[in-house]
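Scroll down for the structure; my scribbles are underneath it.
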Amino acid sequence: MPPERGEHYSFRPVTRADLSLIRQWLARPHVAAWWDDAETEIGQISEHIDSISVEPLIVELDGRPIAYLQSYDPHLEDDHPYADQPFGTLGIDLTIGEPELIGIGHGSAMIRQFVQELFDEGVPRVVIDPDPTNTRAIRAYEKAGFRPIGRRQSQYGDALLMAIEAGGEDKND
């Protein structure tokens with residue numbers, strides 16, 4: 001079902017008990033097309049549970065886990081490809097695990113809410129980096145207010161770097 005006006009998502013830290021659900025999501029075709037193999041990703045997510053640079057989160061809707069979201073500080077990782085972003089910038093990644101919730105507005109709605117929470121905490125800019133061929137994700141991020149600022153190459157491949165500024169400023173650097 002599409003998100004209702006004013007839908008409220010909750011974001012909670014990933015626990016080890018969540019890893020089997022995330023593994024299931026990562027194996028689904030709509031997710032597997034954009035992420036590395038499930039075992040590699042689960043290994044990294046497991047390491048992130050105790051990380052200071054990456055915050056892995058489960059997104060819930062009415063208490064039901066529906067998505068995996070992570071935020072990260074590119075300035076806390078050696079040689080991160082986005083370390084050139086202004087100090088305080090955070091990056092995010094999102095995948096909706098439940099296929100019946102794709103393409104109906106949940107992605108842009110949950111990102112809008114999460115980004116607003118980051119802005120309320122004082123984060124000045126948020127970036128996201130979809131694969132340039134992932135048009136569904138790019139549309140969702142644009143609907144959430146992100147704008148393309150350039151193409152990048154990283155250890156994860158080709159990416160379209162997109163940004164949104166606190167206060168709605170449109171800075172393209």
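Descriptive notes on the structure:
- Checklist (1) more than 18 Å from ILE22 (Cα to Cα); (2) modelled with pLDDT of 95 or more; (3) crowded, with 16+ Cβ neighbours inside 10 Å applied to ARG147, failing item: (3)
- For the range 52-77, residues that are surrounded by 18 or more Cβ atoms within 10 Å (Cβ to Cβ) and more than 20 Å from ILE102 (Cα to Cα) total 6.
- Test: residue in the range 6-25 that is without any contact (Cβ under 8 Å) to a residue 40 or more places away in the chain and under 16 Å from the mean Cα position of the chain (by Cα): no
- Output for the range 47-64, where each listed residue is touching a helix residue (DSSP H, G or I) at 6+ places or on another chain (Cβ under 6 Å) and not hydrophobic (A, V, I, L, M, F, W, C): SER53, PRO56
- Only residues that are closer than 29 Å to HIS8 by Cβ, part of a strand (DSSP E or B) and small (Gly, Ala, Ser) were counted across the range 103-161, and they come to 0.
- Exactly one residue out of THR95, THR89, THR40 is over 17 Å from the mean Cα position of the chain (by Cα) and among the polar types (S, T, N, Q), and it is THR40.
- Total residues in the range 78-122, condition over 27 Å from LEU21 (Cβ atoms) and crowded, with 18+ Cβ neighbours inside 10 Å: 3
- Among the residues making up the range 26-83, those that are in a strand (DSSP E or B) and either of a type in the set (Asp, Glu) or farther than 21 Å from PRO130 by Cβ (or both) are GLU55, GLU60, LEU61, ARG64, PRO65.
The values are calculated or read from the model by the stated rules, or taken from the named source; none is laboratory data. Bear in mind the structure is a predicted one, so any value in this text is a computation, not a measurement. No Cβ is skipped: glycine too gets one built from the backbone with ideal geometry, and neighbour counts run over all protein chains shown.
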